[in-house]
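The values are calculated or read from the model by the stated rules, or taken from the named source; none is laboratory data. Since the model is a prediction, treat every value here as computed from it, not as a measurement. When we count neighbours, we look across all protein chains shown, and the Cβ atoms used for this are built from the backbone with ideal geometry, even at glycine. Note: accessible area is taken over every heavy atom of the protein model, side chains too, but ligands, DNA and RNA are not part of it. Shrake-Rupley method; radii C 1.70, N 1.55, O 1.52, S 1.80 Å.
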Amino acid sequence: MIIDFRLRPPARGFLNLSLFRDVQRSARMSRCFGMEQAPSTTQRSPELLLQEMDAAGIDCGVVPGRRAHAFLGNVSNEDICAILQDYPNRFIGVAGIDPSDKYKAVDEIDRFVVNGPLKGVGIEPGLLPVPMYPNDRRIYPIYEKCEAEGIPLLLMAGGGNGPDAGYSAPMIIDQIAADFPKLTIINTHGGYPWVTEILFVAYRRPNVYICPDMYLFNQPGWQDYVTAADFALQDRFLFGTAYPFIPLEAGVEHFKKLPFKPEVLPKLLWKNAAKVLKLDLPEQA
């Protein structure tokens, strides 16, 4: 079994994102990671994506909503719920939240996660129309809400998350994890390029999970991610492709060829994801 922890399908509101509005730009991004764009991306076809998921052995993908500035585009939580209905049992939804409006954010968490079908909350504070650092105190009510409700938080901090690399600084994640020790934090984009630093933060903060997604593929620092996943972080490391940037079949093949210890691969590919999302899956799924 495989759970892809970061996958954006070419369906509904995702088609309005820059990922699919400008597939030529996405293809250039794929080539930066040594990959060729998937046919499902070129053709913006969810049916082809499902075929590619099957060919790669990916049972389901974690699909996050998005609240971001106009260039990147937005995906509503209503659309995430609709995608779950359109393609039953293939996707796991995460609510995209704008933390700059705490009252609306809490209401959406209640509607779509606490009392709805979505399994987590996702924020990308550096990509908001007015960027915010993840430790901005205006976001703290969201962290408090997720901690109180036992909701896992996907925090995108890494890569191009913000006007400068400081928006992904690992010491910020360290501070949040210390302030909310019962909050499960999944750091998507894996704190890149601060690889060794974010790995140490996760080592010392047991509530921090690492999902490097596309930055594990042919990027400097990949060896450190693998070492951490083989040893100290084997129970808190997650596989993700960040599709459409990484094509699924090539991404899974590349991941399995990395020097992971064979006994940790099931944890990385699905067991850790099932645990953090509280999925009721059999041990031998």
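Annotations for the structure displayed:
- Mean projected area of the convex hull spanned by the Cα atoms of the chain, taken over all viewing directions: 12.8 nm².
- Counting charges near Pro134 (Lys, Arg +1; Asp, Glu -1) among other residues having Cβ under 12 Å from its Cβ returns a value of -2.
- Cut-off 12 Å between beta-carbons: net charge of the residues surrounding Lys271, Lys and Arg +1, Asp and Glu -1: 0
- Of the solvent-accessible surface of region 1-97, computed with a 1.4 Å probe and all protein chains present, 50% belongs to carbon and sulfur.
- With at most 12 other Cβ atoms within 10 Å, longest stretch of the chain clear of loop trypsin sites (Lys or Arg not before Pro) (DSSP): 1-181
- Max mean-square fluctuation residue, GNM over the chain, Cα-Cα springs under 10 Å, options Ile246, Ile92, Ile139: Ile139
- The value given for region 145-285 is a Kirkwood hydrodynamic radius of 15.2 Å, derived from the mean inverse Cα-Cα separation.
- Low-density loop positions, chymotrypsin sites (Phe, Trp or Tyr not before Pro), region 137-222 - DSSP coil, at most 14 other Cβ in 10 Å: none
- Pair Glu283, Lys104: separation of 7 Å Cα→Cβ label points (nm): 4.7 nm
- Note that the chain presents 40 Å² accessible area per residue, ligands and nucleic acids not counted, probe 1.4 Å.
- Spatially proximal lysines relative to Lys119 (Cα-Cα < 24 Å; intrachain offsets below 8 disregarded): Lys102, Lys104, Lys145, Lys182, Lys267, Lys271, Lys275, Lys278
- Taken as entire DSSP H runs, the helices of the chain never both span 20 Å or more between Cα atoms along their own long axis and average -0.5 or more on the Kyte-Doolittle scale.
- Using alpha carbons only: equivalent-ellipsoid semi-axes of region 58-104, gyration tensor based, whole Å: 22, 11, 9
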